[in-house]
Amino acid sequence: MKYIKSILFIFLFTITTNLYAQTVNETIEKQFTEYSQLVIDKEFDKALNYAPKEIFEVIPREQMVKMMEMVLNSSDFEYKATLPKVIGISDIIKIEEVNYVKIKTSSEAQMKFLELEEDEDREMKISLYKLSFEKKFGIGNVKYNEETHFFEINSTKNAIAKSNDLKEWKFVIVENDNQKLILERFIPKQLFE
């Protein structure tokens, strides 16, 4: 009888643990989607409510909003993005009483450089832009659509989420090594490995 109780306990414990992990992952995914939608909708100030407050000690919030507006509202190009799809969430990593997870996402974006429409060196510039995008996103992840004049980009990105209570998550997107230098001021280095 003790044997059956032990097996039953292990079985129920495993199910409960898996259900809890699923609930936490669903919360992370939901909040990451909300954050991403705000960025796509260009509601940058609201989107920054999903950023760790420590980032504003490095770059003030108002300056972050201005930078996002400058980049994504540029008159030099037209930019369209789809909601990123979460393709992986790591197990929770607890460091100094703070919970972290690594998130892997995939997304599609389109970018059209308005200067190219009437440029006599158009073909050369398209090739150079494409090479630059391929270097960043990988060969095979960038196409140029001759009909729409948009570069179509498939990208995989990494993000880190942090939470003190497993209910409210804050996100940073990790795009390059220069950005890591800033993020390492408030995100433990081992999370970038």
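Of all residues in the range 31-65, how many are more than 22 Å from TYR79 (Cα to Cα) and over 13 Å from the mean Cα position of the chain (by Cα)?
Residues meeting the conditions: 12.
Sort out which residues of the range 135-149 are modelled with pLDDT under 95 and either of a type in the set (Lys, Arg) or surrounded by 14 or more Cβ atoms within 10 Å (Cβ to Cβ) (or both), and write them in order of number.
LYS135, LYS136, PHE137, HIS149
Using the structure shown, decide if TYR129 is at pLDDT 90 or above and touching a Leu at 6+ places or on another chain (Cβ under 9 Å).
yes
For the range 123-134, enumerate the residues that are surrounded by 11 or more Cβ atoms within 10 Å (Cβ to Cβ), over 19 Å from TYR79 (Cβ atoms) and not hydrophobic (A, V, I, L, M, F, W, C).
Result: SER127, single match.
Tell me the residue from LYS167, LYS180, LYS157, LYS162 that is of a type in the set (Lys, Arg) and surrounded by fewer than 13 Cβ atoms within 10 Å (Cβ to Cβ), please.
The conditions single out LYS167.
Going through the range 41-57 one residue at a time, which ones are exposed (fewer than 12 other Cβ atoms within 10 Å of the Cβ), assigned to a helix (DSSP H, G or I) and touching a helix residue (DSSP H, G or I) at 6+ places or on another chain (Cβ under 9 Å)?
none
The values are calculated or read from the model by the stated rules, or taken from the named source; none is laboratory data. None of the values given here were measured: they were computed from a predicted structure. So basically every Cβ, Gly included, is an ideal-geometry build from the backbone, and we count neighbours across all protein chains shown.
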